[in-house]
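Bear in mind that the values in this text are calculations on the coordinates, not laboratory data. No experiment lies behind these values; they were computed from the predicted model shown. Here the Cβ positions follow ideal geometry from the backbone for every residue, glycine too, while neighbour counts run over all protein chains shown.
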Amino acid sequence: MAKLLDAKKLCAFYGPTQVLFDVDFSIEAGQITTILGANGAGKTTTLRALCQVVRTTGSLDFNGGDGSVQLVGKATETVVRMGVAHVPDGRGTFTALSVEDNLKLGAYVRKDRAEVARDIDKAYARFPRLAERRHQQAGTLSGGEQQMLAISRALMLRPTLLLLDEPSFGLAPLIVTEIFRIMRTINQEDGVSMLLVEQNANLALDLAHHAYLLETGTVALSGPAQTIKNDESVRRAYLGY
Amino acid sequence: MKPLDRKWVWFWSVLLLVGLLVLPFLVKNYRVFQFNLVLVYAIAILGLNILTGFNGQISLGHGAFYAFGAYTAAILMDKLGVPYWATLPAAFVVCFCFGFLVGFPALRLAGHYLALATFALALAVPQLLKYKGIEGMTGGVQGLVLTKPEPPFSFRFLDQPLSADRWLYFFSLAVAGLMFLLAWNLLRGRVGRALIAVRDHPIAATAMGINLPVFKSMTFGVSAGITGLAGALGAIVVAFVSPDSFTVNLSIFLLVGVVVGGLASIPGAIFGGIFIQFVPNIADEISKSAPAAIYGLLLIGFMYLLPMGVMGGVYKFWMRMRTKTAG
Amino acid sequence: MEAFLHQIFSGLANGIIYGSVALALVMIYQATHHINFAQGEMATFSTFIAWALIQAGWPYWGAFFFTVAVSFLGGLLVQRIVLRPIEKAPVLTNVIVFIGLLLIFNAMSGMLFDHTIKSFASPFPKDSVLASKYFSAHQLGSAGVLLVVLVGLFLFFKFTSVGLAMRAAAQNPDSAKLVGIRVSWMLGLGWGLAAAIGAVAGMMVAPIVFLDPNMMAGILLYGFAGALLGGIDNPLGAVIGGLVVGVLENLLGAYVIGTELKLTVALVLIVGTLTLRPDGLFGKKVVTRV
């Protein structure tokens, strides 16, 4: 079975500075893959490279259902329209618009109005706090609520692949547990494939099926998440616990 | 920097200095007069850059401070017989106070709101200067005619005399040099960092103990003072002030000078001065019927070529050279 | 009392014009988060095009709608061709380019249509049943046109997904791209709409102040002041702001200061208001978390 995404010799640049060096990784359909690593390893850059927000070279083969498509060189908007939704670090919500407007915008490229309305209801059912604040400016929400909003907005696309950049960042542990539980539900019930970048390796390895470990822009290690989690020497050497 | 590099810097600096000193004797008087204006505008642009480039407060009204400086100098020289060089510090003080006062309401405005407020100030100035009530001092619509200061000694060099314009050239060069040195000194230390901190992250700056209202008003004051001093120098160089010399166009030109030279750059002010003095003339020569259109085209073209101004382009070029030699 | 009322109504009539210019400025701001200083000159140029068509024998409303359509296209093209290369450049670089556009459009008006003052027809006949003691038929007609435009814009921004997308693209272009919005085209659309509105404003102004290349200069400033007074992100506020500015200008000119200083004083009063209410009278306070 073809992989959902196949990255080969991926290099990424911020201006003249190279940050990723010939990175190879792949994502299986229906699975949660996680990318771990220390600060500055290039995790966020990998997600940005996928969305073509930064300059990249190499190959990104995406099999979203319409056959194989090369992502490198495409505009971000085009990549999104192929079914890739990105929850960026910092949430990226439209702070001056209402919660409901944010959700509507998530479904901007879709034409099926009835289904969109149904998805909005589903988002409110999943995150009751958002329902309470549906007409509030998104900028007035707390960090946890904004994260819920950001994830919901990304799901409004009905994406084939969901990219999440450090969803646990800056959130209270209780909220983080809640959000991770919901992510597992989304993956199991709706079959959404996910690529998760996380600093909290423990949480990420519990959730994911497969894991990659980045170190200064290259893949240092990869394997099934449980294997990496149970391998003490790996954990101590690379993850610090 | 390698020792060899330092030798080259010294060499080119000395060469530049000698060139600047000899320059007025190589060209006609009118050209010297134009160079004087370049220096005057450069100082004015420096003042504006401190406010807009380093501190992020947009002012479309700095022509007002220039005008006030010019009129301060003119009135002091014409009505009170003050020697020309003494009017410069006076103009600085007057405009500093004025700018500081303007800075207070400006605290509550940002971005385009501030742009509009300062634009209103620029519009007001010619009207205020024409006001009949103070005609006795300002000379009303006709303005004041001043006498160009005579050079304190005479000599000839390369068969050209030290004329009034040439003397003013050296005077302006000295003043400009002093202002640039003071600015550089001010900006490379704590004050400079604070300015930029306030520009980029006002909340964080406050959290670090910068008293925002006082600081921003002081910045306005210093910026206005420097531009006012330039105005005074301009009045001496042109030997004439009138309300219609200080329309909104001047404020817009100063802003153009800041962007063309490079935001938050001290040497950029010189390129800005050269641009706003000479490019309108070039536009005039290209098309007598629509010089403004040509000027507009040149402005747009310049922004495409060098969106970060001249100094931005220089910096980019240098960076490219360095990565080439490093790699 | 009669004279006072007359001043107010006259001010309102002017205010309608300032309001439509303010609307165009708010339009561009909502789409691009930039203030287009060349708005006035572009509107004048559009009005000249309409004038030329009418001179060539076109019926008024034919020329009107054609000019609006051409202006829309023109605004779109200006954004795509002139502004796109500097989309990523700092704000002030864009401001300088706007100033350049201002100069070019102004010069083009002068070059193609010369500087003699021209009269421009009003589509609302003088002796219409609408005319009254306080408002001429044209003033009422202009108000009606402006109302139509305003309602259309309100509906567009509030209820269509393209309108929402435009607002999103202006506020947060990066996030907008991540939901699939073609941000660059949204900017072009915003410019097109603003140019179209500007054309309407120009064609409403011209019968009153007569048509020449510098027609819109002062009006742009009042429109700008009105837009800020009403809140730069609020179309209805912009129109109300424009009306307030119109009345203020008239009252000041008649009762306080002569015509020369009234511009300054009006602006000073507006600035004063802004220091008390920095988001404008009707602007929405945007909360940003640190």
What is the mean number of Cβ atoms from other protein chains located within 10 Å of the Cβ atom of each residue in peptide C:179-187, rounded to a whole number? 6
Ranked by GNM mean-square fluctuation in chain A (Cα springs under 10 Å), the top entry among A:L130, A:L195, A:L161 is A:L130
With θ set to phi - 60°, apply the Karplus curve 6.51 cos²θ - 1.76 cosθ + 1.60 along the range C:83-94 and write out the HN-Hα couplings as whole Hz, x wherever there is a Gly or Pro. 8, 4, x, 10, 3, 8, 6, x, 4, 5, 4, 4
On average over all directions, what projected area in square nanometres does the range B:30-246 have, based on the convex hull of its Cα atoms? 12.7
Using bins 5 angstrom wide from zero, how does P(r) for the range C:2-226 break down, in % of all Cα pairs? 1, 7, 14, 19, 19, 15, 11, 7, 4, 2, 1, 0
Give a residue-ordered list of calculated ³J(HN,Hα) values for the range A:185-199 (Karplus: 6.51 cos²θ - 1.76 cosθ + 1.60, θ = phi - 60°; whole Hz; x for Gly, Pro). 4, 4, 5, 6, 7, 9, x, 7, 6, 9, 10, 10, 9, 9, 8
Expressed in nm², what is the orientationally averaged projection area of the convex hull enclosing the Cα positions of the range B:216-304? 7.1
Sticking with the crude label model, points 7 Å out along Cα→Cβ, report the distance from A:D231 to B:V9 in nm, one decimal please. 5.2
Treating cross-link reach as a plain straight distance, find the lysines whose alpha-carbon is under 23 Å from the alpha-carbon of A:K111, omitting any fewer than eight places away in the same chain. A:K74, A:K122, C:K158, C:K177
From other protein chains only, count the Cβ atoms within 10 Å of every residue's Cβ in C:100-112, then give the mean. 5
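Just to check, using Stokes-Einstein with a Kirkwood Rh over alpha carbon pairs, what's the diffusion coefficient of the range C:32-100 at 25 °C and 0.890 mPa s in µm²/s?
Working: Rh = 13.4 Å.
Using the Kirkwood radius from Cα pairs, D works out to 184 µm²/s.
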Evaluated at 4 °C and 1.567 mPa s, the Stokes-Einstein D of the range C:60-133 based on the Kirkwood radius over Cα pairs, in µm²/s, stands at 82
Can you give the three extents of the C-alpha atoms in the range A:92-157 along their principal axes, from longest to shortest, in whole Å? 31, 21, 17
Listing C:T67, A:T44, C:T93 by rising number of other beta-carbon atoms within 10 angstrom, fewest first, gives A:T44, C:T93, C:T67
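Kyte-Doolittle cut-off -0.5, length cut-off 18 Å along the helix's own axis using Cα: show which whole DSSP H helices in chain B pass.
Working: long enough: B:3-26 (35 Å, 1.41); B:29-49 (30 Å, 1.17); B:62-80 (26 Å, 0.73); B:84-106 (33 Å, 1.72); B:111-130 (30 Å, 1.21); B:164-187 (34 Å, 1.35); B:212-238 (38 Å, 1.53); B:248-261 (20 Å, 2.47); B:268-286 (26 Å, 1.15); B:291-305 (21 Å, 1.83); B:309-326 (26 Å, -0.16).
Those that pass (Cα extent of 18 Å or more, hydropathy at least -0.5) are B:3-26, B:29-49, B:62-80, B:84-106, B:111-130, B:164-187, B:212-238, B:248-261, B:268-286, B:291-305, B:309-326.
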Distant-in-sequence amide H partners of A:L36 (H built 1.01 Å from N, under 5 Å): A:Y212, A:L213, A:L214
Residue-count net charge about A:T34 - beta-carbon cut-off 13 Å; Lys, Arg +1, Asp, Glu -1: -2
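How high is the relative contact order of chain A, in percent, counting Cα pairs under 8 Å that sit 6 or more residues apart? Before the final figure, lay out the partial values.
Details: 445 pairs, mean separation 64.5, N = 241.
The value is 27 percent.
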Run the quick spin-label model on A:T17 and B:E135: label points 7 Å from Cα toward the beta carbon, then report their separation in nm to one decimal. 6.5
For C:L189, net neighbour charge (Lys/Arg +1, Asp/Glu -1) across residues whose Cβ lies under 11 Å away: +2
For C:A217 and B:D244, what is the calculated FRET efficiency with R₀ set at 22 Å and r taken between the beta-carbons, to the nearest 0.05? 0.85
Ascending count of other beta-carbon atoms within 10 Å, so fewest first, for C:W191, C:W51: C:W51, C:W191
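Could you work out the relative contact order of chain C, using alpha carbon pairs under 8 angstrom and six or more residues apart, expressed as a whole percent? Intermediate values should be presented prior to the final figure.
Details: 443 pairs, mean separation 108.3, N = 290.
Relative contact order here is 37 percent.
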Per the Cα gyration tensor, the range B:40-108 corresponds to an equivalent ellipsoid with semi-axes, largest first in Å, of 25, 13, 9
Taking the Cα centroid of the range A:179-201 and of the range B:56-95, what is the distance between the two, rounded to the nearest whole Å? 66
Please list, in chain and number order, the residues 5+ apart from A:G64 or on another chain whose amide H is under 5 Å from its amide H, with Hs placed from the backbone. A:V69
To two decimal places, what compactness ratio does the range B:65-180 give when its Cα radius of gyration is scaled by 2.2 N^0.38 Å? 1.34
Taking the Cα centre of chain C as origin, sum charge times position over the Cβ atoms of Lys and Arg (+1) and Asp and Glu (-1), and report the length of that vector in debye to the nearest 20. 820
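Wrap a convex hull around the Cα atoms of the protein assembly as shown, take a quarter of its surface area, and give that in square nanometres.
Working: hull surface 173.5 nm².
Convex hull of Cα atoms, orientation-averaged projection: 43.4 nm².
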Residue-wise, which Karplus ³J(HN,Hα) couplings in Hz belong to the range C:43-51, taking 6.51 cos²θ - 1.76 cosθ + 1.60, θ = phi - 60°, and x for glycine or proline? 5, 4, 4, 4, 4, 4, 4, 4, 4
Ranking A:C11, B:C95, A:C51 by Cβ neighbours within 10 Å, fewest first, what do you get? A:C11, A:C51, B:C95
Quick one: which residues, 5+ away or cross-chain, put their amide H under 5 Å from the amide H of A:G223? H built at 1.01 Å from N. A:A211
Fluctuation leader among B:G133, B:G192, B:G272 - chain B, Gaussian network, Cα springs under 10 angstrom: B:G133
How far apart, in nm, are two points set 7 Å out from the Cα along the Cα-to-Cβ line at A:A172 and at C:D174? 2.8
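What is the diffusion coefficient of the range A:80-196 in µm²/s, taking the Kirkwood radius over Cα pairs and the Stokes-Einstein relation at 20 °C with a viscosity of 1.002 mPa s? If you can, show how the numbers build up before the last one.
Details: Rh = 14.0 Å.
Diffusion coefficient, whole number: 153 µm²/s.
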Can you tell me which of B:V22, B:V38, B:V102 moves the most in a GNM of chain B? Springs connect C-alpha atoms under 10 Å apart. B:V22
Taking Cα atoms only, helix A:113-126 is inclined relative to the longest principal axis of chain A by an angle, in degrees rounded to 10, of 80
I need the calculated FRET efficiency for the pair C:T160 and C:V268, taking r as the beta carbon distance and R₀ as 41 Å, to the nearest 0.05. 0.55
Under 8 Å for C-alpha pairs, at least 6 residues apart: give me the relative contact order for the range A:107-241, rounded to a whole percent. 16
